[in-house]
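So the structure is just underneath, and the comments pick up after that.
The values are calculated or read from the model by the stated rules, or taken from the named source; none is laboratory data. Nothing here was measured: the structure is a model prediction, and the numbers come from that model. Here Cβ is always computed from backbone atoms with ideal geometry, including for glycine, and neighbour counts include all displayed protein chains. When the accessible area is computed, the model is the full protein with side chains, heavy atoms only, and any ligands, DNA or RNA have been set aside. Shrake-Rupley method; radii C 1.70, N 1.55, O 1.52, S 1.80 Å.
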Amino acid sequence: MGVSHYREHTLNVIIAGGGRVGRETATLMTAYGHRVTIIEQDPRITRVHSGRREDVTFVQGDATEAETLTSVNIREADVFLALTDDETTNVAICQQAANFAPDARCVARSHRPPAATGNPDGVEAFVFPERAGARVAVGRVFGAPVQPITDLSTRFELVEIEAKPGAPAVGRSLEELDLPTRATVITDLGTEDLADGDMVIEAGRQYMIATRPDAVDDLKELFWE
């Protein structure tokens, strides 16, 4: 999941929610060369952060309202992230944005696992858990092969990876599988069964794995390529 995956071309990115996650996501997006606008309803937050950075535009307004979305040229957006602290609001924002920019990829922040949230119209991916870092939001936007689930204050990461048909891991049990020594499968996210040596990797299923960052490329070769 290299940086080049995020820099293929310049994107117009709109973020609803100027809190910590929204601002950190904007920082990552601009670091990858993308253009970012943040919509924030709280005038205090907008006032404090507007103008601090030349590469991020802050706009005060309610992102659920059509007038606000048209004011930020929503029709030209490539990516829309609804990252407020309220899941219902985030879904509503994505649905409203889809009316103006149906081809834009929309990611919503959630406090429930995606399996419990379902797939509401207008939302292509969810950021979970609710307090997940900006890297999770960016990973969801680009659909990277290995998705970070959350940032840990340790040398390990929790990642989510889908087993692709024909990948070396498919059809093999964890006991048979030559996993990197720096990675451990925790669970099948579909069944939520804890992994043991008898778990067989199935195509199309998603798995949660604890890994050192330097083992990610090895995991991609096993599950993806």
Simple SL model, points at 7 angstrom along Cα→Cβ for Asp196 and Ser173; separation in nm is 1.0 nm
Simple SL model, points at 7 angstrom along Cα→Cβ for His9 and Glu67; separation in nm is 3.5 nm
Between Arg20 and Thr57, the two model label points (7 Å from Cα along the beta-carbon direction) sit apart by a distance in nm of 2.9 nm
In Å², rounded to a whole number, the accessible area per residue of the range 11-119 with probe 1.4 Å is 48 Å²
